[in-house]
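Everything below concerns the one structure shown next.
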């Protein structure tokens, strides 16, 4: 049996990197603490986004969203959230923590989250962001309400 000891591993050709399948190549984070509210069913940016430039077009991006300060106010309303890569909708997440309840009371639901494994098939800079809307078009909804900070984490996974 042999044992290999190393202090560092350097790439042979600049720009190719050392990529082991299943391992994280890079991590990028974005955050916002700016509140946004809406009374319409039209989707709008929450202000939460991050940009990653994949090192290989075959790698995947694990996206972890922690949208904080999720709130509804008024009756027959609910918060709808979507995750996008550029203009492409990846996943819709809503109704978490009772936010979509049809009751007349206000509700501060804390955080709403989503996790998505994406295959962007590019080595170009790629933007991931969230958008929100008033699910039922009545009352109002908000994100990043109060003293909260939302985060999005992008992890490039070698394939």
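The values are calculated or read from the model by the stated rules, or taken from the named source; none is laboratory data. Nothing here was measured: the structure is a model prediction, and the numbers come from that model. Counting neighbours? That spans all protein chains shown, and the Cβs are built from the backbone with ideal geometry, glycine included.
Assorted remarks:
- Top-ranked residue in the range 60-90 [being in a loop (DSSP other than H, G, I, E, B) and over 18 Å from the mean Cα position of the chain (by Cα); ranked as surrounded by the most Cβ atoms within 10 Å (Cβ to Cβ)]: 77
- Contact map, the range 136-158: residues that are under 14 Å from residue 83 (Cβ atoms) paired with residues that are outside any strand (DSSP E or B) and modelled with pLDDT of 85 or more, Cβ distance under 9 Å, separation 6+ or inter-chain. Pairs shown: 143/35; 150/33; 150/144.
- Members of the range 36-54 found to be at pLDDT 95 or above and in a loop (DSSP other than H, G, I, E, B), listed by number: 53, 54
- Checking each residue in the range 134-144 for being over 16 Å from the mean Cα position of the chain (by Cα), crowded, with 17+ Cβ neighbours inside 10 Å and modelled with pLDDT of 85 or more picks out 134, 141, 142.
- Residue in the range 93-124 that is modelled with the lowest pLDDT, counting only those that are under 26 Å from residue 159 (Cα atoms) and either buried (at least 16 other Cβ atoms within 10 Å of the Cβ) or within 16 Å of the chain's Cα centre (by Cα) (or both): 113
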